[in-house]
Amino acid sequence: MKITNKFSVLTSALIITSALSLPTQAEELKLGAMPVGSGWYVGAAAIQRMAQEKDSKLDIEIIARGGGVANPMVVESGKADIALSNVSTSRWASEGMLLYKGNSATHIRSLVGGLNPVYIGAIVRKDYMEENGFKTLDDILKSDRPVNIMMKPAGSNIPPVVEAILSAYGLDRDKIKSQGGSILQVDSSQMSGLIRDKRVDLYFDTILQGHPSITEISLTGGIEFLDMSERALDVMASLGLQKGSYGKWFDAQTGSNIGGDFGTHLIASSKMSDDTAYAITKIVIENMDQLSNDFKAWKAFKLEDAAKPEKNGIRLHPGAIRYYKEIGLLK
């Protein structure tokens, strides 16, 4: 009897010791980005590497597809736990606005705001401006002269913004057509040729430093960059885009230009634990110097912007709030 009791005690001790010695299983997380080779894929890879280095409890897998429009819904559907997204499109998704057509992403929360600006800008043919005596975007859109407008296909974040701007000037596809103009929605590969052939007068697109299509268009000559008009900026502000200035990034620019900023932030599911959201937020904020070396766009990040409502667009995750209170960004 005594031997049995001793054996039982010894066995129990061994089981407890073995359990305590087992390594903690890492939490597997999926990070929504964009395809391999994109800027967001580079940024996601930088976060993945940093998480592995700083927290062995996090195991991040990158989803190499999606983008600013798709990623809020990727998180909402549970296909990703965290994702890079545009601030404005996250807001549209959370409210079921514009291209989301009533499909609301009610479970998305922001972790880190203000990662980098992403502008919508306007480019125009110089010949078109000179022939019509135009000086500004306002001149073009207030006129009843024919204008051929080019932008990306449906599904991008550009068309709904352009459509809202046109509406503020009393314009739509039918009105533009009745005035002898058109709206062309084409892939990036076709854009340079259409401008060069003078089939396009005015072009709206995402303005990013080094943007390949815009770089090519700029090098062909004969175009200029326009500041967004005050009316356009008011419309964009109502859609969650902030007024901003982008630098002289392309040869055809004569200086900086004013555009609307879609913004970039890191989002997560509201179902994510507060501890995990806290850990990810902490890793990104406290290692931004290294992350921005890997993804240069994040050189624009300012710590004081990380928790601002306008830099996040949607509610912060409670885990992120906890971290921002710790470092004094929130009370």
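Could you give each residue of the range 241-249 its phi-based ³J(HN,Hα) in whole Hz, using Karplus coefficients 6.51, -1.76, 1.60 with θ = phi - 60°, and x for Gly or Pro?
Residue by residue, the range 241-249 yields 8, 9, 5, x, 10, 9, x, 6, 9 Hz.
What pairs in LYS30/LYS308; LYS79/LYS296; LYS243/LYS302; LYS248/LYS296; LYS243/LYS311; LYS282/LYS331 have C-alpha atoms more than 23 Å from each other?
LYS30/LYS308; LYS79/LYS296
Long-range amide H contacts for GLY96: which residues qualify at under 5 Å (H placed 1.01 Å from N, peptide plane, sequence gap of 5 or more or a different chain)?
ALA105
Please give the contour-minus-distance gain from LYS299 to ALA237: 0.36 nm per residue of separation, less the Cα-Cα distance, rounded to one decimal in nm.
Stretched fully, the LYS299-ALA237 segment lengthens by 19.9 nm.
I'd like to know which of ASN148, VAL161, ALA232 lies farthest towards the positive end of the charge dipole of the chain, counting +1 on Cβ of Lys and Arg and -1 on Cβ of Asp and Glu.
VAL161
How much net charge surrounds MET129 when only other residues with a Cβ under 15 Å from its Cβ are counted (Lys, Arg +1; Asp, Glu -1)?
Taking every other residue near MET129 into account, the sum is -2.
Can you give me the % of accessible surface on the range 28-124 that is carbon or sulfur? Probe 1.4 Å, all protein chains present, nothing else counted.
Exposed carbon and sulfur together represent 47 percent of the surface.
Rounded to the nearest 20 Debye, what is the dipole magnitude of the range 119-260 about its Cα centre when Lys and Arg each give +1 and Asp and Glu each give -1 at the C-beta?
Dipole size: approximately 100 debye.
Calculated from the structure, P(r) over Cα pairs in 20 Å bins from 0, in percent equals which of (1) 31, 61, 8; (2) 30, 51, 18, 1, 0; (3) 29, 48, 16, 4, 2, 0?
The value computed from this structure is option (3).
Take LYS331 and ASP144, extend 7 Å from each Cα along the Cα→Cβ direction, and tell me the distance between the two endpoints in nm.
The two pseudo-label positions are separated by 5.6 nm.
Using the alpha-carbon centroid of each, what span in Å lies between the range 199-250 and the range 292-331?
26
Are there trypsin sites (Lys or Arg not before Pro) in the range 265-298 that DSSP marks as loop and that have at most 16 other Cβ atoms within 10 Å, and which are they?
LYS271
Go through the range 229-236 residue by residue and turn each phi into a ³J(HN,Hα) via Karplus (6.51, -1.76, 1.60, θ = phi - 60°); whole Hz please, and just put x for glycine and proline.
Ordered by residue, 3J(HN,Hα) equals 6, 4, 5, 5, 5, 5, 4, 5 Hz.
For ILE223, which sequence-distant residues (separation of 5 or more, or a different chain) have an amide H within less than 5 Å of its own amide H, given hydrogens modelled in the peptide plane?
LYS126
At a threshold of 8 angstrom on Cα-Cα distance, excluding pairs fewer than six apart, so keeping six or more, what relative contact order does the chain reach in percent?
Dividing the mean separation by the residue count of the chain yields 24 percent.
With θ taken as phi - 60° and the coefficients 6.51, -1.76 and 1.60, list the Karplus ³J(HN,Hα) couplings across the range 169-180 in order, rounded to whole Hz; mark glycine and proline as x.
9, x, 10, 8, 4, 5, 5, 5, 5, 5, 8, x
Could you list which residues have their amide H under 5 Å from that of GLY32, counting only those 5 or more apart in sequence or on another chain, with H placed in the peptide plane?
Those qualifying (amide H under 5 Å, at least 5 residues apart or on another chain) are ILE63, ASP81, ILE82, ALA83, LEU84.
Enter the accessible area of LYS248 (Å², nearest 10), with the probe set to 1.4 Å and all protein chains included.
Near enough 120 Å² of accessible area.
So what is the accessible area of the range 182-292 per residue, in Å², with the probe set to 1.4 Å?
42
Could you give the size of the charge dipole of the chain about its Cα centre, using +1 on the Cβ of each K and R and -1 on the Cβ of each D and E, expressed in debye and rounded to the nearest 20?
860
The values are calculated or read from the model by the stated rules, or taken from the named source; none is laboratory data. Predicted model, so just to flag it, every value in this text is computed and none were measured. Neighbour counts are summed over all protein chains in view; Cβ atoms, including those assigned to glycine, are modelled from backbone coordinates with ideal geometry. SASA here: full protein model, heavy atoms, side chains in, ligands and nucleic acids out. Shrake-Rupley method; radii C 1.70, N 1.55, O 1.52, S 1.80 Å.
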